[in-house]
1. Can you tell me which residue within region 347-363, out of those that are polar (S, T, N, Q) and modelled with pLDDT of 95 or more, is surrounded by the fewest Cβ atoms within 10 Å (Cβ to Cβ)?
2. Just give me the residues in region 234-258 being more than 17 Å from residue 287 (Cβ to Cβ) and among the β-branched types (Val, Ile, Thr), in sequence order.
3. May I ask you to verify whether residue 291 is out of contact with any Cys (no Cβ under 8 Å at 6 or more places or on another chain), over 29 Å from residue 315 (Cβ atoms) and in a loop (DSSP other than H, G, I, E, B)?
4. Within region 306-327, take every residue that is part of a loop (DSSP other than H, G, I, E, B) and of a type in the set (A, V, I, L, M) and give me the one that is nearest to residue 348 (Cα to Cα).
5. Specify the residue that is nearest to residue 289 (Cα to Cα); the eligible residues are those in region 356-370 that are of a type in the set (Gly, Ala, Ser) and assigned to a strand (DSSP E or B).
6. If you check residue 278 against the conditions, is it surrounded by fewer than 20 Cβ atoms within 10 Å (Cβ to Cβ) and over 28 Å from residue 165 (Cα atoms)?
7. As an exercise: evaluate residue 204 against (1) within 16 Å of the chain's Cα centre (by Cα); (2) modelled with pLDDT of 85 or more; (3) not assigned by TED's automatic domain parsing to the domain that holds residue 138; (4) not hydroxyl-bearing (Ser, Thr, Tyr) and give the number of the one condition it does not meet.
8. Being touching a Lys or Arg at 6+ places or on another chain (Cβ under 8 Å) and surrounded by 13 or more Cβ atoms within 10 Å (Cβ to Cβ) is true for just one of 151, 166. Which residue is that?
Amino acid sequence: MSRLTLALFAVATIAVACYVDDTSPLNSGANPLAKVLITDAPFPFDTVQSVNVYIVRVAVSTQPDTGDSPNDLNWVTVTEPRRQVNLLALQRGDTALLGAGEIPAGQYKAVRLILNTDLSEGIRYTDGQSALVHWNGTGEQAIHAFVEAAVDVPAEGADIVIDFDVGRSFHYNDLGDGGFNFFPWIRAVNRAATGSIAGTVQRDVGGGGPGPVRNATVSAWGGGPGNWYIYSTGVTDTAGRYRLAYLLPGTYIVGVDPPSSASNLGSALDSNVVVDRGVETTHNVTLSRFGGSIVIQGAGSMLVGRTNRLEAIVIDSLHQQDPDAPVAWQNLDTTVLGLAVDVDTVRVARVTSKIVGTGRIVATSGALVDTLAIQVAPDSSSGPSAPR
């Protein structure tokens, strides 16, 4: 048996001070100790002072959660904290303990939290007012974590990190009523198997003078073409510092978006940030003045013999769409793709796939450039393919 520890990632000792852990020996005999930790990717809204959820219990399973019948899995309860947690206090990888329990040693492929929405205080603004929260249910709700790799709990025990992403779990004003919709997004990893990314975000002279950028959102993307997703998000403090903790080894795309209060700054993207196990990778970012952008909207993959529509969206330096901006198109791989510009507007083009391979289409408007890579796959259907 193993002991698994469930812990909460929090700023300084705020959450720790609110929770007194049992100081008696937890590993009483044959069962190894496993801990579960929970961390928060910071909430993106400056006007919110707290996001409180009531956590009833945390359980794990050696069976994978395929999403079909999660209630049929053999769940083992690790801890039952039965307490309120302020998710906004959980950032930059600091931890507070949720609890610990003895469980069988093994490879755990599913993790879930049981929340009680009736007992959750929800979201409170900085002026003290409570926000409207649509919990999408009452009473106890089972929240299942994304487990990227099976969590190994050996005989000596392990720490499970639960990353609760507030920014993506509470969607603001989806219904136009100024409220928040609760669509939980959490992930779970073995802390010993992870590394981290940390650094500072600064502005250059062109961005209003050198200095730190506070409340910038930093995201680590993983996956691959057609399947990119965010593993972790973070926010910069008053000194421009951030930390994306508990990432499995690999190469990540790190994106930085300025806060709404610094709309004169542009975003930054680095597609080659490497994370190693047990290592904190330093990645500093400098944001420059936003000078506009152009984005090609269209599918990044298609079958041979199909035709797709592309549109170039031009955004000016004031973050406004410019429908009259001139656009020029270029096909960098004419053997793979064909390209034709719409006769009515240069912002629209149509691309036709010729052979299997990867082609690139470029759209420019003045100094603004965007490139769309399109993967062409064979058409296995027996009948003719109609253009779309």
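The values are calculated or read from the model by the stated rules, or taken from the named source; none is laboratory data. A quick note: this is a predicted structure, and the numbers were derived from the prediction, not measured. Every residue, glycine among them, receives a Cβ derived from its backbone with ideal geometry; neighbour counts consider all protein chains shown.
1. By that ranking, first place goes to 352.
2. 251
3. no
4. Going through the qualifying residues, I end up with 327.
5. Here the answer is 365.
6. no
7. (1)
8. 151
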